[in-house]
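The block underneath contains the structure these notes are about, expressed in structure tokens.
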């Protein structure tokens, strides 16, 4: 089964690296270059087909904090993973309170990235699936 992952990051090289890291893992990457484009893309496509969101923090237009807040409010069934080059403990805590499933600091090893995304996707499948959660 192929899972769709929305990667929101303003650095093209980062998006390319993630796409290459996830190639052959059963994870299909959909890219957005900032929070605004990520929101537009999610709103224009069927959000039910997106299995997880991987979002940077520092971006132009709509930054990661605003984008993550929107994603969690409008699409609470889609797990969000924050990936940033700027570690900040307070921000990490704030994101976790917002419902983010993981806060990762760049660069991330391929195995760790795949593990975190697969865990998030399996959580989404369990929680968002057709079976009732008891």
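A few points about this structure:
Yes/no per residue for (1) closer than 19 Å to residue 111 by Cβ; (2) surrounded by 17 or more Cβ atoms within 10 Å (Cβ to Cβ):
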site	(1), (2)
3	yes, yes
7	yes, yes
26	yes, no
33	no, yes
43	no, no
56	no, yes
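- Enumeration of residues in region 77-124 that are touching a helix residue (DSSP H, G or I) at 6+ places or on another chain (Cβ under 8 Å), surrounded by 15 or more Cβ atoms within 10 Å (Cβ to Cβ) and under 15 Å from residue 50 (Cβ atoms): 78, 79, 80, 81, 101, 117
Laboratory data are not the source of any read-out in this text; all were calculated from the coordinates shown. Since the model is a prediction, treat every value here as computed from it, not as a measurement. No Cβ is skipped: glycine too gets one built from the backbone with ideal geometry, and neighbour counts run over all protein chains shown.
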